[in-house]
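One structure is given here, and the rest of the page talks about it.
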Amino acid sequence: PMAKVTKDMTIGELLQVDNNIAGILMRAGMHCLGCPSAQAESLEEAAMVHGLDADVLEAQINDYLGA
């Protein structure tokens, strides 16, 4: 089974798990996924910057992955 993603993984790591995760994050309002600093940010840090709930995003991504 796919590894469960966690909010302390970087955006870059998440996109290596499944590139389609980008679509989930962009729908949530993170439009800067391509920029180098975003790739190195954890999901939690990126969520904080965008005023989003990292736990909700983590759950949405894991639902998508079927984890």
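The values are calculated or read from the model by the stated rules, or taken from the named source; none is laboratory data. Since this is a predicted model, take the numbers as computed values, not measurements. Ligands, DNA and RNA are excluded from the accessible area calculation, which covers all protein heavy atoms including side chains. Shrake-Rupley method; radii C 1.70, N 1.55, O 1.52, S 1.80 Å.
At-a-glance table
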{"quantity": "Per residue, in Å², the accessible surface of the chain once ligands and nucleic acids are set aside, probe 1.4 Å", "calculated": "58"}
{"quantity": "Whole-percent carbon and sulfur share, accessible surface of the chain, 1.4 Å", "calculated": "55"}
{"quantity": "Per-residue SASA entry for residue 37, accessible area with 1.4 Å probe, Å² rounded to 10", "calculated": "80"}
{"quantity": "Relative contact order computed over the chain (Cα-Cα under 8 Å; 6+ residues apart), in percent", "calculated": "46"}
{"quantity": "Length released on extending from residue 60 to residue 6, taking residue separation times 0.36 nm less the Cα-Cα span", "calculated": "18.3 nm"}
